[in-house]
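Each remark here refers to the structure printed beneath this line.
The values are calculated or read from the model by the stated rules, or taken from the named source; none is laboratory data. None of these values were measured; they are calculated from a predicted model. Positions of Cβ are generated from backbone atoms using ideal geometry, with glycine treated the same way; all protein chains shown enter the neighbour counts.
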Amino acid sequence: MQKTSIKSWSADDQPREKLMRKGAETLSNAELLAILINHGNKTNTALEIAMQLMENVHNNFHQLSMLSVNEILNFKINGLGKTKAIGIAAALELGVRRNMSIHKKHTITQSSDVAAYLQAEMGHKQLECFVVVYLNRANKIIQQETISEGGITGTVADPRIILKKALDHHAVSIILCHNHPSGNLKPSKADEQLTNKIKNAAAFLDIQVMDHIIVSEEGYYSFADEGLM
């Protein structure tokens, strides 16, 4: 039997109408997803597709935001094809970028100024990546560069690439950052050795390494705050 379309529901039950009348904050995660999905098929309404998707991630919106398009498609939900999965992934990425823009400060005075911004960008990633923030003499961000991204347990950060980019950007100081997908914020011995290696090499070029920040979903760890710089 064909399912009743969203358009035929009462205004209170229609996610779009509910959003218009009561505001986006009143909608459940599934209702918001139903708006993105837009329409269902003969088997499932958009809301039913959304509810099945949320069930597959244990109603954890953050877990959903970490999935790729192919991982969403692997749930094999009737009515959720490639186009809709791409739309969902794009919307979730916009949410990540919104968080980044909220936290980003152009002038860095302490670790928390850049840590929250980097955590919003990198804390949820399942693979480890190494990022460097380049600053000018006024401690304003010139550029952010992803130096490498790799496996679950580690990534490679070449000091020569990091410092060449510093010279290219005319940076006088840099902040190192990488994420720990495991959630453990404690730096490894390799993290400490790499930090010292880059710091010593940068000193020859009169470039200051201000901090090395490790981020995860749990928070952040600052080498500078812990007296390791």
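Has region 186-201 got any residue that is within 17 Å of the chain's Cα centre (by Cα) and closer than 21 Å to residue 122 by Cβ? Let's see the steps before the verdict.
From region 186-201, those within 17 Å of the chain's Cα centre (by Cα) are none; that's our starting set.
No, because not a single residue in region 186-201 is within 17 Å of the chain's Cα centre (by Cα) and closer than 21 Å to residue 122 by Cβ.
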Requested in this report: Confirm whether residue 163 is surrounded by 19 or more Cβ atoms within 10 Å (Cβ to Cβ), in contact (Cβ under 8 Å) with a residue 12 or more places away in the chain, within 30 Å of residue 64 (Cβ to Cβ) and of a type in the set (A, V, I, L, M).
Outcome: no
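Of the residues 76, 42, which single one is loosely packed, with under 14 Cβ neighbours inside 10 Å, of a type outside the set (Val, Ile, Thr) and at pLDDT 90 or above? Working first, answer last.
Numbers: 42 fails: at pLDDT 90 or above.
Result of the check over 76, 42: 76.
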Query - Top-ranked residue in region 144-189 [being over 16 Å from residue 209 (Cβ atoms) and polar (S, T, N, Q); ranked as modelled with the lowest pLDDT] - result: 153
